[in-house]
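The values are calculated or read from the model by the stated rules, or taken from the named source; none is laboratory data. Please read all numbers here as calculations on a predicted model, not as lab measurements. All Cβ positions, even for glycine, are placed from backbone atoms using ideal geometry, and neighbour counts span all protein chains on display.
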Amino acid sequence: MSKKVSKPRSISRRRLLATAGAALAASPLGVDLLQAQQAPIRIGMSMPQTGGLAGGGKASLLGIEIWRDDVNAKGGLLGGRKVELVVYDDKSSAAETPAIYSKLIDVDKVDLLFAPYATVPTAPIMPMVKQRGLLLIGNFSFQVNSKIGHDMWFNNAPWGPPDSWAASFLDIGQKAGGKSMALLTADQEFAQNLAKTAREVAAKRTLPIVFDQAYPPNTVEFSSIIRALKATKPDIVYVASYPPDSAGILRAVNEIGVGDSVKVFGGGMVGLQFGAVMENMGSLLNGVVNYNSWLPEKSMYFEGTKEFFDKYTKRAVEAKVDPLGYYLAPFGYASGQLIEQAIKKVGSLDQKALAKYLRENTHNTIVGAIAFSPDGERKETAVLQAQFRGVVDKNMEQFRSSGKQVILFPENLKSGELVAPFEAARK
Amino acid sequence: MKRNGVAFWSGAAVFLAAVFAMTQVVGNQYPFFAGYVILQFIALAVAWSILGGYAGYVNFGTSAFFGVGVYTSVFLVSAFGAPLPLQILTGAAVGALMGFALGLLTLRMQGIYFSIATIALTIIIETTITNWRYVGGAAGIQIQRPAVTAPFDSYVQMLFFVQALLVVLAVAISRYIQNSWIGRGLQALRDDELAAECTGVPTLRLKLIACVISGALMCAVGAPAAMYLQYADPGSAFNLNYSVTTLAMSLIGGTAHWSGPIIGAIVLGTTQQFLTVTISSEVNVLVLGVMLVLFVVGAPEGIIGLVRKLRGNRKEGEA
Amino acid sequence: MFSLDLLLDAVVIGVLLGCFYGAVSLGLSVSFGLLDVPHVAHPAFLVLASYAVYFLNENYAVDPLVAGILITPVFFLFGLATYRLYYETFEKRGSDAGVRGIAFFFGVAFIIEVLIILQFGVDQRSVTADYIGKAWRLGDIRIPYRLLVAFAIATALTVLLTLYLSRTFMGRAIRAVAQDQEALRLMGTNPVKIKQWAFGIATAVLGIAGALLIIVAPVDPTLGRAYIGRTFCVVVMAGLGSMSGTLVAAIILGVAESIVLTMFGASWAPAISFAILLGILAVRPQGLFGRRP
């Protein structure tokens, strides 16, 4: 016992007793004090490592792993307890997660839970964590808590209020003189949720929707649908698409054209955040205004951001994940930081206390300051809308420098102005 | 036959009693979650074999039936807040109708044509659900469980027990069919449909019976999944995995006897649940692939066939 | 929203898209249509070919089409080996190859999928070539060069295969084996050798079709699953074993899909294609150009 306390990084005796007491009270196991001191803090999660969401899931996981290694290199938490991750593959499927999270909670008895990447695998575990009164750090799911109302849910994603995403894109379009909107969406979960808010925002602003189509999954060829869209001569084209389709849509746009009427094009295209896709698309990306979560612009560097990407870039090669990793990885790291700060401040693993702290404070992370609203989403949206500029073909490294994706929104992170119309911006 | 019947029903009773006791004694929730999934696949595999095994009509549309079961529940819950038994019964009724339609297809199509038609049917149904906004459409829908009914402590324990009941029901029906004139007729039809018809076997009626029963069971199995997941989206509910896994389980176990799919589902289902929480990576899919290939190559009649062969050899050795 | 202009455009694009579907289904038309092998791993082989093309294009800057031709001999051998394995385990033993054959190929498809993931990761890949990303202007209509490539390859492959099957000795033997194995055996030819050869050809065609797949759109390791329904739909709709029929059926599918995408609710497109298939099967179970009565 004394041996442990006399370790250089240990905390004061009084603090230790308080901590241990809290840990003892909070622990579902009733682990004894000594064991709690030595045992690692285990964080459990499922992560899509196969199936459609695997690309994102793997990058996100690497971000979390880098945080784990950083925090352990600093000596762990709660006086020397190392952080350990317990991760299972959910195959990108909603059917797998209930059993996995039950295993994490009831068998592995992890101390804390992170949610899997994306909405579909997360949705089935929301009622479960609510019922058990457990803290859950969300990972880029969209509005999973709106119906459940769990007060211990905190989403790491920059979404903010549900309509802010569409609103920011339409703002940009309307400022550029847009008077009508076309809506092209994938007939899948995330895209349809985006489309719904886009319709609502457009209705509120009495912006006519001249084209509104949902294309089915696995659509091969977008030429004909782009042609139909072009025929309606829209000013603003809001696209909510998935990775394989985003590339197909941009190709078709390049080949067929969308017409001179279009002021801005893009908005909710998933896939254009991933290095491999961007490299493949190359110059086709130019002019597109699309959402993102992090970009290598000056305004986006916070404490620790650069160090994080140095580590990520090295490890991504080995892990065969997205070499850039802007979209998800830093937010995985930030999830860790949220928990780290909360544990440090609360001084225990008491879930209620951690949740209270997370709800009431603003937290500094490598992706900027994060504050939560009562529904567990960000208070303010930090979804970037950025325009691709001067991108050349087959070059991954170009995306590491600033200026390739100019941030137009939000105001405080802005790094340039919109070039419109779309056809002009493409050159 | 009589003695077998007694053994079977006492086995079923012991099984149900054990399951019930487990829900009352075991506090840890994980066995119920994992067990639910395995029981669900046992029931699916048994139901599938009634058509796919006995009659030899390979149905690729397991996911269509399962998904329709899920969405029947979703609809009933969002529209009327219907209780679980009603969800399952309605699911079975809808499944029976779907099965009837499928049975009519067999009038014109056999062999691989039939299989392709079931794929087509799956895609058409999935697209319809995807476009049906009331049940969430492509965006998916979250549903809330009602409070659990006594004597169960948690909803998952209850679902686990309900699924065990469905398994017993499916197995009992499958066993009855195998030992009755229906089974013998299906067997004849499977070996040579034309010859069977010529010798006066009522092939259409038999096929319709098999399709309706198989369909009703698969839909009924899907119905409680809505409450298990408390979430439904077309991509997950109509996942191709249900079709492939069910087929794989039946083949690994063997389709010649009603117990084959049970064994296959236990072996493969348990392996998958185990792998999910151990190796947990793409290797998981690899194992399914390798198991499929190894079994169809090395044990053409499934585990049942292997066991019979071993027994046969031993008898020969003794003699 | 109806306009003749759009309709014409949709039809043109649909025909080209159909050619693409045809090209990726031709191999199956031989392996499944003529040889009755339930080759559900066909799309997985296709994706494998795409990745081979991607590998050559990425590392050695080989034009994707050239790469497609380069890999055909390898795929031919791969096909020979696959058929041998299939024959030894199923056809030789006779009874009930159907279900187990399907399961076998599903297993093979999963294995290929995982091997691709282990080698290339899960991200989608695409190739570069001069003809990707540009379009040909024909009055008001613009046609992507990619689809013209698909058109050219589909026609070339169909013509070549039709000629091969009708003019060469081996080709005729393949068709004979599909119709009556016994007769061939009586004539002193080994039907298994011929079927193996035919399966080799079917797989070799996949080399080029795989190149086309990655030219037309990016690929990812699990893409094959989406093509199981599509390719079998084309082959079955055509009626087993007819090469030109396969192309026509694929074009019908492509046009239907394209028109629905353009003119009606896009989200209904998959249902329409498969409803057509069901309709055709219900009226003419042997398919549009079927060889069986």
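Exactly one residue out of A:273, A:337, A:351, A:341 is more than 18 Å from the chain's Cα centre (by Cα), on the phi < 0 side of the Ramachandran plot and buried (at least 20 other Cβ atoms within 10 Å of the Cβ), and it is A:351. Residues that are among the hydroxyl-bearing types (Ser, Thr, Tyr), part of a helix (DSSP H, G or I) and surrounded by fewer than 24 Cβ atoms within 10 Å (Cβ to Cβ) within segment C:227-259 comprise C:227, C:244, listed in sequence order.
Consider residue C:28 carefully, then state whether it is farther than 30 Å from residue A:319 by Cβ and either surrounded by 19 or more Cβ atoms within 10 Å (Cβ to Cβ) or of a type outside the set (Asp, Glu) (or both). Answer is yes for this residue. Of all residue pairs spaced 6 or more apart or on separate chains, those with beta-carbon atoms under 7 Å, a first member in segment A:111-131 that is free of Cβ contacts under 8 Å to residues at least 40 places away in the same chain and a second member that is part of a helix (DSSP H, G or I) and of a type outside the set (S, T, N, Q) are A:124/A:98; A:124/B:229; A:125/A:98; A:125/A:101; A:128/A:98; A:128/A:101. Kindly indicate whether any position in segment A:330-337 is touching a Leu at 6+ places or on another chain (Cβ under 6 Å) and either in a helix (DSSP H, G or I) or away from chain C (no Cβ under 14 Å) (or both). The answer is no; no qualifying residue exists.
On the basis of being in contact (Cβ under 8 Å) with a residue 24 or more places away in the chain and not in a helix (DSSP H, G or I), does residue B:220 make the cut?
No, not satisfied.
When residue A:412 is tested against (1) modelled with pLDDT under 95; (2) under 18 Å from residue A:301 (Cα atoms); (3) buried (at least 19 other Cβ atoms within 10 Å of the Cβ), only condition (3) is not met. The condition of being within 30 Å of residue A:148 (Cβ to Cβ), aliphatic (A, V, I, L, M) and within 14 Å of chain C (Cβ to nearest Cβ) holds for only one of B:240, B:294, B:268, B:251, that being B:240.
I'm checking my understanding of the structure. Among residues of segment C:279-288 that are of a type in the set (A, V, I, L, M, F, W, C) and surrounded by 19 or more Cβ atoms within 10 Å (Cβ to Cβ), which one is nearest to residue C:250 (Cα to Cα)? Checked segment C:279-288; the qualifying residue nearest to residue C:250 (Cα to Cα) is C:280.
Condition test on residue A:209, is it in contact with a helix residue (DSSP H, G or I) (Cβ under 7 Å, 6 or more places away or on another chain), at pLDDT 90 or above and more than 25 Å from residue C:225 (Cβ to Cβ)? When the stated conditions are applied, residue A:209 passes them. State yes or no: is residue B:10 within 28 Å of residue B:247 (Cα to Cα), of a type in the set (S, T, N, Q), in a helix (DSSP H, G or I) and modelled with pLDDT of 90 or more? No: the conditions fail for residue B:10.
On the basis of being in contact with a Lys or Arg (Cβ under 6 Å, 6 or more places away or on another chain), within 13 Å of chain B (Cβ to nearest Cβ), modelled with pLDDT of 85 or more and surrounded by 21 or more Cβ atoms within 10 Å (Cβ to Cβ), does residue C:35 make the cut? Yes. Any residue at all in segment B:19-40 that's modelled with pLDDT of 90 or more, out of contact with any strand residue (DSSP E or B) (no Cβ under 6 Å at 6 or more places or on another chain), away from chain A (no Cβ under 14 Å) and crowded, with 19+ Cβ neighbours inside 10 Å? Yes, segment B:19-40 has at least one match.
Residues in segment C:137-165 that are closer than 15 Å to residue A:224 by Cβ and of a type in the set (Val, Ile, Thr): C:141, C:143. When A:358, A:349, A:354, A:324 are screened for being away from every other protein chain (no Cβ under 14 Å), outside any helix (DSSP H, G or I) and not aromatic (Phe, Trp, Tyr), only A:349 passes. Within segment A:205-264, the residues that satisfy the criterion of being in a helix (DSSP H, G or I) and of a type in the set (Ser, Thr, Tyr) are A:223, A:224, A:246.
Which members of segment C:135-160 meet the condition of being of a type in the set (Val, Ile, Thr) and either within 13 Å of another protein chain (Cβ to nearest Cβ) or touching a strand residue (DSSP E or B) at 6+ places or on another chain (Cβ under 9 Å) (or both)?
Residues satisfying the conditions are C:141, C:143, C:149.
When segment A:234-253 is limited to residues that are without any contact (Cβ under 8 Å) to a residue 40 or more places away in the chain and under 23 Å from residue C:3 (Cβ atoms), the one that is nearest to the other protein chains (Cβ to nearest Cβ) turns out to be A:252.
Name the residue, out of C:108, C:159, that is surrounded by 17 or more Cβ atoms within 10 Å (Cβ to Cβ) and β-branched (Val, Ile, Thr). I'd like the intermediate steps shown before the answer.
On the way: C:159 fails: surrounded by 17 or more Cβ atoms within 10 Å (Cβ to Cβ).
Only one candidate passes the filter, namely C:108.
Looking at A:296, A:234, just one residue is on the phi < 0 side of the Ramachandran plot and surrounded by 24 or more Cβ atoms within 10 Å (Cβ to Cβ), and that residue is A:234. Can we say residue B:101 is on the phi < 0 side of the Ramachandran plot, of a type in the set (A, V, I, L, M, F, W, C) and either surrounded by fewer than 19 Cβ atoms within 10 Å (Cβ to Cβ) or outside any helix (DSSP H, G or I) (or both)? Criteria met by residue B:101.
The single residue among B:253, B:312, B:235, B:302 that is within 16 Å of the chain's Cα centre (by Cα) and either more than 19 Å from residue B:95 (Cβ to Cβ) or crowded, with 24+ Cβ neighbours inside 10 Å (or both) turns out to be B:253.
Is it true that some residue in segment B:72-91 is more than 11 Å from every other protein chain (Cβ to nearest Cβ), closer than 28 Å to residue B:274 by Cα and at pLDDT 95 or above? No: segment B:72-91 contains no residue that is more than 11 Å from every other protein chain (Cβ to nearest Cβ), closer than 28 Å to residue B:274 by Cα and at pLDDT 95 or above. Restricting attention to segment A:138-161, which residues are within 14 Å of chain B (Cβ to nearest Cβ) and either in contact (Cβ under 8 Å) with a residue 40 or more places away in the chain or of a type in the set (A, V, I, L, M, F, W, C) (or both)? Of everything in segment A:138-161, those that are within 14 Å of chain B (Cβ to nearest Cβ) and either in contact (Cβ under 8 Å) with a residue 40 or more places away in the chain or of a type in the set (A, V, I, L, M, F, W, C) (or both) turn out to be A:142, A:143, A:144, A:145, A:146, A:148, A:149, A:150, A:153. In a residue-by-residue description of segment A:199-221, the property of being crowded, with 24+ Cβ neighbours inside 10 Å, within 14 Å of chain C (Cβ to nearest Cβ) and hydrophobic (A, V, I, L, M, F, W, C) applies to no position. Residue count for segment A:254-290 under the criterion of being over 23 Å from residue A:167 (Cβ atoms) and facing another protein chain (nearest Cβ under 10 Å): the result is 14.
Which residues, taken from segment A:367-398, are farther than 30 Å from residue A:340 by Cα and either small (Gly, Ala, Ser) or crowded, with 20+ Cβ neighbours inside 10 Å (or both)? Scanning segment A:367-398 gives A:386, A:387, A:388, A:390, A:391. A search for C-beta distances below 8 Å between a residue of segment C:255-282 that is within 12 Å of chain B (Cβ to nearest Cβ) and any residue that is among the aromatic types (Phe, Trp, Tyr), counting only pairs 6+ apart in sequence or on different chains, returns C:260/C:268; C:266/A:215; C:267/A:215; C:269/A:215; C:281/B:113.
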